[in-house]
Amino acid sequence: MPQTTPLPQGTMIGILGGGQLGRMLSLAASKLGMRTHIYCPDSHSPAFEVTPHRTIAAYDDEAALAAFADAVDIITYEFENVPAATAEFLAARKPLHPGANALAVAQDRLKEKAFIAARNIAVAPYRPVETLDQLLAAIDDLALPAVLKTTRLGYDGKGQRVIQDRSEAGAAFEQLQPKPLVLEAFVPFEKEISVVVARSSTGEVKAFDAAENVHLHHILHTSTVPANIPAALEKQAAMAAKAIVIALNYVGVLGVEFFVVPGAERPTLLVNEIAPRVHNSGHWTEAVCLTDQFEQHIRAILGWPLGNPARLADVVMENLIGDDSLAVTELLPGGVQPHLYGKTDPRPGRKMGHINKIVPKAE
Ligand code: AMP
C-alpha cells in the first residue's frame, strides 16, 4: 500500500547500522526535524556521536530488537547485510524501508542478476556454481578470464577471485566461502559508473546524475560528475535505475553500479550490482545538489515529496582512506568541502571521510 500521508516532524527513525552512512542519514534526518535511534552492536560506532538515542546489541538479540521497534516509528538501514531474520522480525512490528523483499534480492548476487535480467536490463553473462564440476562446466560455457564470486556477503572486492586459467579453478572454489558461488564472464569495461535513485513511499521516483567511479585496491577512490559518457548512455543508466526501483516496489535510495563496455558502434551498459541504501558514490550530492542522497532517502521513507536532484556544479568526490584523513587541512583550498566521520583510528583501508572538490559552472 502506498503511504499517502507524509510522516510528521519529530518522527523517530530507527537506523540499523552505526557507520558513516548511518551517521549521515541521522544528520540529514535532524535537518528535517526528525529524531533518529541508531541500532548497532559496536559501541564505538560513528553514528552514535550525532544522536542520543541508541541501542548497542547484536542483530539477533530479539529482546533488544523488540525494544528498538517499540521506541521508533519507522525503520531503515545503512548496510545491505542486515540478516533476513532481523528484517522480518522488525518489519512485523514497524514499517521497514527498503522492504525485506528488496533486501533479499540485493543480498544474493544470483537473485539480483535474475531479477535485473528479467527486466531486460543487461548483466554480465553468469552461471550459478555449487560444485567444482559446475564451475568447470561454467568455465567451458563462459570462457576465461572469468570472475568467481560469493553470492552473499561480498563487498569492496572481498569474496571474489579472477580465474585466468582452468588450473586455478579448484583453489578458487575451495577458498571462496560461503557457497553457493557465481561465475561471471570477465567484463572488459572501459569505465565504471553508478546512479543513485530514489523512490518514495508515494511512488515518486527521481535519479541523481551518473557518477564515474575509480577504485583503488578495490575501494572507491573517486566519483567524478558528470561522468564522461555519451548523453544517451547516461539517460539509459537513469532509466535502468528507475526501472529497478519501480520493479522492486522500493522505498528509499538505491545505488546501481554499471560497467561501461566498449562496443563496435557505441558503448553499452551492464549492471554490476545494486545496493539497497545510500551509496558511497553518491556522497558528491552533498556538495552540489539542492537535495543530497541522505535527505532524499529520509524524504522517501517519510513519504515526503522528493527533493530536486539537479546538479548545480561539476564535482569530484574523493574518499579519505586510512592516513589520508590526518592531513585533511592541507586538502582544503577554496571549493573543497570536507566530511569527516569522527573515527579515531585510521587503520589502512578504513573509510575515514571524504572531500568534495567543487568545479563552479562557467557563467
Ligand atoms: P563487486 O564486488 O561485484 O562490485 O566487484 C568489485 C569490483 O571488481 C568491480 O567494481 C570491478 O572493478 C571488478 N569486477 C567485478 N566483477 C567483474 C567482472 N565480471 N568483470 C570485470 N571486473 C569485475
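Got a sec? Which strands (runs of 3 or more DSSP E) wholly within the stretch 279-363 have at least 3 residues that are of a type in the set (Val, Ile, Thr) and open to solvent by less than 50 Å² (accessible area, probe 1.4 Å)? Walk me through it before giving the result.
On the way: elements: 314-321, 336-340, 351-359.
Once the strands (runs of 3 or more DSSP E) in the stretch 279-363 are filtered for at least 3 residues that are of a type in the set (Val, Ile, Thr) and open to solvent by less than 50 Å² (accessible area, probe 1.4 Å), what remains is 314-321.
Is it the case that the stretch 198-214 has a residue that's of a type in the set (A, V, I, L, M), within 20 Å of Ala100 (Cβ to Cβ) and either away from the ligand (no atom under 15 Å from the Cβ) or in contact with a helix residue (DSSP H, G or I) (Cβ under 9 Å, 6 or more places away or on another chain) (or both)?
Kept after step one, since they are of a type in the set (A, V, I, L, M), are these residues of the stretch 198-214: 198, 205, 207, 210-211, 214.
So of that shortlist, the ones also within 20 Å of Ala100 (Cβ to Cβ) come out as 198.
Filter again for either away from the ligand (no atom under 15 Å from the Cβ) or in contact with a helix residue (DSSP H, G or I) (Cβ under 9 Å, 6 or more places away or on another chain) (or both), leaving 198.
The answer is yes; a qualifying residue exists.
Got a sec? Which strands (runs of 3 or more DSSP E) wholly within the stretch 1-56 have at least 3 residues that are at pLDDT 95 or above and under 22 Å from the mean Cα position of the chain (by Cα)?
Qualifying strands (runs of 3 or more DSSP E): 12-16, 35-39.
Across the stretch 286-339, the number of residues qualifying as in contact with a strand residue (DSSP E or B) (Cβ under 7 Å, 6 or more places away or on another chain) and of a type in the set (S, T, N, Q) comes to 5. Hey, can you tell me all the residues within the stretch 207-221 that are closer than 14 Å to Gly255 by Cα and free of Cβ contacts under 8 Å to residues at least 24 places away in the same chain? Within the stretch 207-221, Glu212 is the sole residue that qualifies. The residues on offer are Leu153, Leu181, and the sole one that is in contact with a helix residue (DSSP H, G or I) (Cβ under 9 Å, 6 or more places away or on another chain), within 13 Å of the ligand (Cβ to nearest atom), among the aliphatic types (A, V, I, L, M) and open to solvent by 70 Å² or more (accessible area, probe 1.4 Å) is Leu153. If you check His217 against the conditions, is it modelled with pLDDT of 95 or more, open to solvent by 30 Å² or more (accessible area, probe 1.4 Å) and of a type outside the set (Ser, Thr, Tyr)? In short, no. When you look at Glu330, is it assigned by TED's automatic domain parsing to the domain that holds Asp209, touching a residue at least 60 places away in the same chain (Cβ under 8 Å) and not polar (S, T, N, Q), yes or no? Judged against the criteria, Glu330 is not a match.
Kindly indicate whether Ala137 is outside the structural domain of Val214 (by TED's automatic domain parsing), of a type in the set (Gly, Ala, Ser), exposed (fewer than 14 other Cβ atoms within 10 Å of the Cβ) and away from the ligand (no atom under 12 Å from the Cβ). Criteria not met by Ala137.
One line per residue, one yes/no per condition, for (1) within 17 Å of Tyr77 (Cα to Cα); (2) touching a helix residue (DSSP H, G or I) at 6+ places or on another chain (Cβ under 9 Å); (3) without any contact (Cβ under 8 Å) to a residue 40 or more places away in the chain:
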residue	(1), (2), (3)
Met239	no, no, yes
Val245	yes, yes, no
Val253	yes, yes, no
Glu257	no, yes, no
Ala264	no, no, yes
Leu270	no, no, no
Arg277	yes, yes, no
Ala300	yes, no, no
Pro305	no, yes, no
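Would you mind finding the one in Ala100, Ala117, Ala172 that is without any contact (Cβ under 8 Å) to a residue 40 or more places away in the chain, of a type in the set (A, V, I, L, M) and away from the ligand (no atom under 15 Å from the Cβ)? Talk me through it step by step, then tell me what you get.
Working: Ala117 fails: away from the ligand (no atom under 15 Å from the Cβ); Ala172 fails: away from the ligand (no atom under 15 Å from the Cβ).
So the residue among Ala100, Ala117, Ala172 that is without any contact (Cβ under 8 Å) to a residue 40 or more places away in the chain, of a type in the set (A, V, I, L, M) and away from the ligand (no atom under 15 Å from the Cβ) is Ala100.
Evaluating Val147 against the criteria (1) near the ligand (Cβ under 8 Å from one of its atoms); (2) more than 25 Å from Pro267 (Cα to Cα); (3) surrounded by 17 or more Cβ atoms within 10 Å (Cβ to Cβ) leaves one unmet condition, (2).
Scanning the stretch 224-270 for residues that are more than 23 Å from Asp314 (Cα to Cα), in a strand (DSSP E or B) and either open to solvent by 50 Å² or more (accessible area, probe 1.4 Å) or out of contact with any Leu (no Cβ under 7 Å at 6 or more places or on another chain) (or both) returns Gly252, Thr268, Leu270.
Here Leu27 fulfils each of the conditions (1) open to solvent by 60 Å² or more (accessible area, probe 1.4 Å); (2) more than 23 Å from Ala85 (Cβ to Cβ); (3) free of Cβ contacts under 8 Å to residues at least 60 places away in the same chain apart from (3).
The values are calculated or read from the model by the stated rules, or taken from the named source; none is laboratory data. In this text, all values refer to a predicted model and were calculated from it rather than measured experimentally. Here the Cβ is made from the backbone with ideal geometry for all residues, glycine too, and neighbour counts use every protein chain on show. Areas reflect the complete protein model, heavy atoms only, side chains present, ligands, DNA and RNA absent. Shrake-Rupley method; radii C 1.70, N 1.55, O 1.52, S 1.80 Å.
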